[in-house]
Amino acid sequence: MNKPLSFGYLYDFRNPQPWHSPNASLYAETLELITWTESLGFQGAWLPEHHCADDGYMPSPLVALSAIAAKTSRIKIGTAIALAPLYHPVKFAEDCAVLDIIADGRLEIALAIGYRRRETAAFGVDFTKRGQRFDEFLEIIQALWAGDTVTYAGKHFNVTEAAINPLPPRGKIPLYIGGFADKALERVAKYADGYFGNEEVCAAYLNKVKNLGKNPQKMGVRIQGLFYLVAHDPEKAMHELAPYYHYVNNAYSIWLNEDKASGADGILQQMSLEDFKKSGILQIDTPAKAIEKFECMRQSMPFEHFMMMRPPGLPVEKFQEYAEVFASHVLPSFNT
């Protein structure tokens, strides 16, 4: 039995120089776009997290999500992803519980370990210990969300009789974990409700789930399609939109190659705009091909959500044009 399949967008709030505008205007514009996508039938609005970014990449997703929660009523919202080693677990658990109340039980959290040494250094966290720190963090937040009083003595966190009040409305907050390396996938299988990340990693993740004696069909898979869109005329779309996705490609390639600690080294490289257009990284399907693609993915894994993105700088009217194509010609095939 296939899981219901939903679709949403990631918004990173980047404000790079080629398309720079006042931050207040960019934030207001993005919030309005999110409410607009809800009206079209999209089911997710997701925020990532990075720090020390020259282009203003979203550094505070929980704060921004509270604004989204207040402006929307049906759409699922959450992090994709938050950098767990940079948070204290008790404070994070409290903030998420309050946010979930504001959102009326619509919050879903995706977490990961992070891959940039510069970010952990800025927070005074040992880059080499972030995996151990993440594991302790996960044990504490899940117990707190369940209503337990937690005393925990770890290598990285020591809490005594910690409890949160108010609790999240559902007694838990759905938790997804991202990653590519073998240890990361073991962490997902052990702690999470599902995997968030790339399609090519899912088979390895589901094997980890089986090895723990869990039923893979009861887990969730959320795929990020940050370089994916649907258009009636893919050639026209490539011409119009490639510059914005090219910026994303080159920006991520710098970060991924800083410390080579993502487990996905080399997947993105610096290149010219013309080389990017030819590379196949930006995938543009017609609606019919998109429907076929998603149906095939549903057959191969417990696939439940696909996340595209609004790349930085993309004008509102162009984002809306292509989002409307998806909403009109792809969403109806899965809204059952």
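The values are calculated or read from the model by the stated rules, or taken from the named source; none is laboratory data. For clarity, every value in this text was computed on a predicted model and none was experimentally measured. Cβ coordinates were reconstructed from backbone atoms using ideal geometry, including for glycine residues, and neighbour counts include every protein chain displayed. Remember, those area values only see protein heavy atoms, side chains included, never the ligands or the DNA or RNA. Shrake-Rupley method; radii C 1.70, N 1.55, O 1.52, S 1.80 Å.
Within segment 212-236, restricting attention to residues that are at pLDDT 95 or above and open to solvent by 80 Å² or more (accessible area, probe 1.4 Å), the residue that is farthest from GLU324 (Cα to Cα) is GLU235.
Taking segment 305-320 as the region of interest, how many residues are surrounded by 18 or more Cβ atoms within 10 Å (Cβ to Cβ) and not in a loop (DSSP other than H, G, I, E, B)? Going through segment 305-320 one residue at a time, the tally reaches 6.
Counting the residues of segment 8-36 that are within 21 Å of LEU62 (Cα to Cα) and either in contact with a Phe, Trp or Tyr (Cβ under 7 Å, 6 or more places away or on another chain) or assigned to a helix (DSSP H, G or I) (or both) gives 20.
Collect the residues in segment 176-226 that are among the hydrophobic types (A, V, I, L, M, F, W, C), over 20 Å from the mean Cα position of the chain (by Cα) and farther than 23 Å from GLN299 by Cβ, keeping them in residue-number order. Scanning segment 176-226 gives a single hit, LEU212. Looking at this structure, is ALA70 buried (at least 17 other Cβ atoms within 10 Å of the Cβ) and without any contact (Cβ under 8 Å) to a residue 60 or more places away in the chain? Here the answer is no, as ALA70 does not meet what is asked. Checked against the criterion of being touching a residue at least 40 places away in the same chain (Cβ under 8 Å), within 24 Å of LEU331 (Cα to Cα) and open to solvent by 20 Å² or more (accessible area, probe 1.4 Å), the candidates TRP46, TRP36 yield just one match: TRP36. The listed residues are ILE164, ILE140, and the only one of them that is at pLDDT 95 or above and either open to solvent by less than 10 Å² (accessible area, probe 1.4 Å) or within 21 Å of the chain's Cα centre (by Cα) (or both) turns out to be ILE140. Within segment 247-285, being small (Gly, Ala, Ser), surrounded by fewer than 20 Cβ atoms within 10 Å (Cβ to Cβ) and assigned to a loop (DSSP other than H, G, I, E, B) holds for ALA261, GLY263, ALA264, GLY266, SER272, GLY280.
Number of residues in segment 225-254 that are closer than 30 Å to LYS208 by Cβ and in contact with a helix residue (DSSP H, G or I) (Cβ under 9 Å, 6 or more places away or on another chain) equals 5. Starting from segment 76-103, take each residue that is free of Cβ contacts under 8 Å to residues at least 40 places away in the same chain and open to solvent by 10 Å² or more (accessible area, probe 1.4 Å) and list its partners that are of a type in the set (A, V, I, L, M) and outside any helix (DSSP H, G or I), counting only C-beta distances under 7 angstrom and pairs at least six apart or across chains. Every condition considered, the pairs that remain are LEU86/VAL125.
Among the residues examined, ARG116 does not qualify as at pLDDT 95 or above, surrounded by 16 or more Cβ atoms within 10 Å (Cβ to Cβ), of a type in the set (Lys, Arg) and in contact with a Lys or Arg (Cβ under 9 Å, 6 or more places away or on another chain).
Scanning segment 203-260 for residues that are aromatic (Phe, Trp, Tyr), out of contact with any Leu (no Cβ under 6 Å at 6 or more places or on another chain) and under 18 Å from VAL330 (Cβ atoms) gives a single hit, TYR228. Selection of first residues in segment 106-126 that are more than 28 Å from GLN43 (Cβ to Cβ) and of second residues that are among the small types (Gly, Ala, Ser) and open to solvent by 10 Å² or more (accessible area, probe 1.4 Å), restricted to Cβ pairs under 8 Å at least 6 apart or on distinct chains, gives the following pairs, ordered by first then second residue: TYR115/ALA261; TYR115/SER262; TYR115/GLY263; ARG116/ALA261; ARG117/ALA261; THR120/GLY114. Residues that are among the aliphatic types (A, V, I, L, M) and buried (at least 18 other Cβ atoms within 10 Å of the Cβ) occur at least once in segment 8-15.
Close contacts from segment 266-289, counting a first residue that is within 11 Å of VAL230 (Cα to Cα) and a second that is surrounded by fewer than 16 Cβ atoms within 10 Å (Cβ to Cβ), with Cβ to Cβ under 8 Å and a gap of 6+ residues or different chains, come to THR286/HIS232; PRO287/HIS232.
For segment 165-196, a tally of residues being touching a helix residue (DSSP H, G or I) at 6+ places or on another chain (Cβ under 8 Å) and under 11 Å from ASP100 (Cβ atoms) returns 8.
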